[in-house]
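A short write-up of the structure that comes next.
The values are calculated or read from the model by the stated rules, or taken from the named source; none is laboratory data. All values reported here derive from a predicted model rather than from experimental measurement. Glycine gets a Cβ as well: all are built from the backbone with ideal geometry, and neighbour counts include every protein chain shown.
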Amino acid sequence: MITLHHCVSARSFRPLWLLEEIGVPYELVMHDFPPRVRDEAFLEINPLGTVPALFDDRVAMTESAAICQYLAGRHPQAGLEVTPDDPAYGDYLNFLHFGEATLTFPQTLVLRYGRFEPEERRSPQVVEDYSRWFLSRLRTLESRLEREAFVCAGRFTAADVSVGYALLLASYIGLDERFKPAVADYWQRLQEREAFQRAKAVEREAAMAQGVSPRPAMDMLG
Ligand SMILES: N[C@@H](CCC(=O)N[C@@H](CS)C(=O)NCC(=O)O)C(=O)O
């Protein structure tokens, strides 16, 4: 049985959404954000104190993009991976990691210096610089999404889940207002997926059932 540790709206939404796309059973354990502060026992589960933490028998993983790659590869019947023999394999790996390393990282600086740090350490300059950084990196997607419905392989894959979470985060912090039309349309398409909507409902219901706030992580501090 797969167990996923999750905070509402955190990067652990990537594996949650992917699990809903695949349709395998899993246990969802909710934590208030940040778990390392709100739930010290979590440090015994993941010494980094971060989510996601996913366990699949003896496998333990803490990187959301790697977990997407793992789950898609372990459940090929869902058709969400791109295999090494496919000409789109390079694009697949690139966008899978681009979603986290290039599109999510700058937004964490926007959040930290716009909301999470105490008032005296906040920095409007950092917020604007890294908002622009994020938006400029979306250019890689724009030209592609003007021609294609998804980021690679001509179909929905785990790479769209990785990139899609970065767009979800952008929508939480208001950067979606600055999306160009092709990215805005793509973001709309992703939100219309049944598995995306189920994942949103599941995280809310699990939070309520487990006594965790259903508010997004980015509203929990600051
Ligand atoms: N690169 C990791 C980052 C994991 C991470 O930093 N998760 C955040 C939530 S989005 C977290 O748990 N932060 C809590 C903390 O830093 O204490 C991934 O993609 O999963």
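Structure values in brief
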read-out	value
Test set (1) modelled with pLDDT of 95 or more; (2) out of contact with any strand residue (DSSP E or B) (no Cβ under 9 Å at 6 or more places or on another chain) - Ile173 fails condition number	(1)
Flag for Phe95 being at pLDDT below 95, within 16 Å of the chain's Cα centre (by Cα), surrounded by 13 or more Cβ atoms within 10 Å (Cβ to Cβ) and not hydroxyl-bearing (Ser, Thr, Tyr)	no
Search result, residues across region 4-42 that are within 25 Å of Ala78 (Cβ to Cβ), surrounded by fewer than 23 Cβ atoms within 10 Å (Cβ to Cβ) and more than 13 Å from the ligand (Cβ to nearest atom)	Glu20, Ile22, Gly23, Val24, Pro25, Tyr26, Glu27, Leu28, Val29
